[in-house]
Amino acid sequence: MRPSTSQDRSRLEARLPRPKPDIDTTEESFAKRKDRRRPHGRVRAGALGSDGSAVPGMAWLLEKGIVHSVDAELRSGKEATIYVGQGPSGQLALKVFRDRSVRSFKRDERYQPTRRTRDRATVKAIAAAGRRGVGADNARWALNEYRMLWRAHRAGLSVPEPLVGPGTRTMAKAGDVVVMRYLGDEAGAAPRLADAGLDAEDAAAAFGRSVAQLRALWRLGVVHGDYSTYNLLWWRGEVVVIDFPQAVDRTAPESDELLRRDVQNLCDTFAIAGVEADPAAVLAAVTAEPDA
Ligand SMILES: Nc1ncnc2c1ncn2[C@@H]1O[C@H](COP(=O)(O)OP(=O)(O)O)[C@@H](O)[C@H]1O
Ligand SMILES: [Mg+2]
């Protein structure tokens, strides 16, 4: 439920934002980071909407105690803004989808027709949650990301653990917001592979892990759809796959083409990091049947 009364509103405001000692916002710590984008330290007043309505689901998350506080803006990406907050089991990441008009037009164009016709449960769940227009659209992306994260997480893949769900109705209540485990520590968020500045040995290892994760997703029946070093984090010597809103099931008609594009983008972005790979060979490795 979005806060509609002034009482709800002040309750929401009272819980946003609270300074947290474990988010280090000192210059030294930022200077040490490979990724120098700095959290703002506290959420700007307008960022979550003065009455919370800019972020359907936020009031519900706070009310349910899934989120205790939203502390800092971590990164504003092309489709969403990522905040760092606190929950019952420590730091969490909140991905808040932006209005469609400011998101990647291409991404919406490419994927919407398929999802609109085939994903009836999603449409129903969002309708049941009483959202319309832009909010419903954002919520649909969030719901798909939740679903794909749950699928991958339950299969043991290296993705951030989703912290709402896995029931569709529950996930729909979170509206525009994907709550997941935060990858990072006091020194900052896990870097993307694109920014991690890996040496040759680590880059080769990261490439191997990235191909392995892509293969594991494929075997699970999921095609990511935006797979590159920009959506792979490097955390404690492992590759973590993020950013699933556009992911599709392998049965989707466009899935073969998307997988080919994912492999190409993976190879292209790793080439920047000094790892040369043949996309055709990588595609064959990803889709190969396991040895009998
Ligand atoms: N769970 C997380 N832990 C730490 N950082 C994250 C997490 N999720 C996202 N990020 C950071 O936020 C950025 C944007 O998130 P992403 O899901 O890729 O959204 P976008 O659609 O904006 O690219 C990522 O590149 C990464 O730096
Ligand atoms: Mg991304």
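The values are calculated or read from the model by the stated rules, or taken from the named source; none is laboratory data. All of these numbers come straight from a predicted model, not from anything done at the bench. Every residue, glycine among them, receives a Cβ derived from its backbone with ideal geometry; neighbour counts consider all protein chains shown. Please note that ligands, DNA and RNA were not included when accessible areas were found on the heavy atoms of the full protein model with its side chains. Shrake-Rupley method; radii C 1.70, N 1.55, O 1.52, S 1.80 Å.
Checked against (1) farther than 26 Å from residue 291 by Cα; (2) in contact with a Phe, Trp or Tyr (Cβ under 9 Å, 6 or more places away or on another chain), residue 222 passes all but a single condition, namely (1). How about segment 221-237: which of its residues are out of contact with any Leu (no Cβ under 7 Å at 6 or more places or on another chain) and within 13 Å of ligand 1 (Cβ to nearest atom)? Within segment 221-237, 226, 230, 231, 236 qualify. The residue that is farthest from residue 55 (Cα to Cα), among those in segment 166-187 that are without any contact (Cβ under 8 Å) to a residue 60 or more places away in the chain and open to solvent by less than 40 Å² (accessible area, probe 1.4 Å), is 167.
Taking the criterion of being within 17 Å of the chain's Cα centre (by Cα) and of a type outside the set (Gly, Ala, Ser), the residues of segment 218-237 that qualify are 222, 223, 224, 226, 227, 229, 230, 231, 232, 233, 234, 235. Of all residues in segment 138-165, those satisfying the criterion of being within 13 Å of ligand 1 (Cβ to nearest atom), outside any helix (DSSP H, G or I) and open to solvent by 10 Å² or more (accessible area, probe 1.4 Å) are 158, 159, 161, 163.
When segment 74-85 is examined, which residues are found to be within 10 Å of ligand 1 (Cβ to nearest atom) and in a strand (DSSP E or B)? Result: 74, 75, 76, 80, 81, 82, 83, 84.
The residues of segment 159-179 include none that are of a type in the set (Gly, Ala, Ser) and within 13 Å of the chain's Cα centre (by Cα).
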